[in-house]
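Coordinate-derived values only; no laboratory data. Just so we're clear, the structure is a prediction, and the values are computed from it rather than from any experiment. Heads up, the Cβs are rebuilt from the backbone with ideal geometry, glycines too, and the neighbour counts pull from every protein chain shown.
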Amino acid sequence: MNGGNENDRLGNPVRFWHLAMIVLAFAAMITGDGADDYKKAEQAGFLLHGGIGLAVLAALGGYFLHGLIGPQDFRLSSWFPFTAARLRQTGKDIAGLTKFKLPEHRRRQGLAGLVQFFGLMAFSWLAATGALMYFFMERGAKAHGLMHMVKEAHEVGTVLIPVYLALHVGAVIAHSLSGQQVWKEIFFCKSGEA
């Protein structure tokens, strides 16, 4: 990816969202095991994990709003990967990776757009199912009926986050090894050019 293109520079809302999601995702992963205390009278773990999950939901809402009405270059419609041309580009990117060649196009295009879309959907799945449990699950009892199905769906979603992180962090490492330090723009507001 070309990190030096001025049009590709990350805006402050996107940078803030990335940092917020890093912190919130790890906090949710760390507190997830403690959330099982919803079955007990004392539910500190459930409430802590649920509060973090609601913060994830708010961060996602802000990101989607920015993607709908924000600057044109950051609109979700400009990079969601479901057009014939974008899917062809994704195929070319994957074929290039088999030859150890990184994609060279704008951010949020091709394979990068597909990975970002996967991440947004995984986080949205977890935030939506978690919010349903937080607001509608009967506290102090085991989940049953519809809430049991929502709980199971939430737990399936927890497998998706490590997959997404492996893809995303793997891409950052691959770009860094090729001299494109794209992570610097997130953490230090610096250009990713080596």
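A few notes on this one:
- Here the dipole of the chain is about 500 debye; that uses its Cα centre as origin and unit charges on the Cβ of Lys and Arg (positive) and Asp and Glu (negative).
- Taking Lys and Arg as +1 and Asp and Glu as -1, the other residues whose beta-carbon sits under 10 Å from that of Y38 total +2.
- Pairwise Cα distances in the range 130-179 exceed 16 Å for 55 percent of all pairs.
- Restricting the range 101-169 to trypsin sites (Lys or Arg not before Pro) in coil, as DSSP defines it, with at most 16 other Cβ within 10 Å: K101, R139, K142
- Qualifying trypsin sites (Lys or Arg not before Pro) for the range 7-99 [loop in DSSP, other Cβ within 10 Å: at most 10]: K99
- Among 57-66, 158-167, the order from most to least packed when residues are scored by Cβ within 10 Å on average: 57-66, 158-167
- Helix axis angle, 12-31 relative to the chain longest principal axis, alpha carbon, degrees: 40 degrees
- Between helix 44-69 and the chain: long-axis angle, C-alpha atoms, 0 to 90°, nearest 10: 40 degrees
- Ellipticity at 222 nm from helices only: DSSP H runs of n ≥ 4 in the chain, each -39500 (n - 2.57), divided by the residue count, give -22500 deg cm²/dmol.
- Nearest 10 degrees, 0 to 90: helix 110-136 Cα axis against the chain principal axis: 10 degrees
- The eigenvalues of the Cα gyration tensor, multiplied by 5 and square-rooted, give the range 6-188 an equivalent ellipsoid with semi-axes of 34, 17, 16 Å from largest to smallest.
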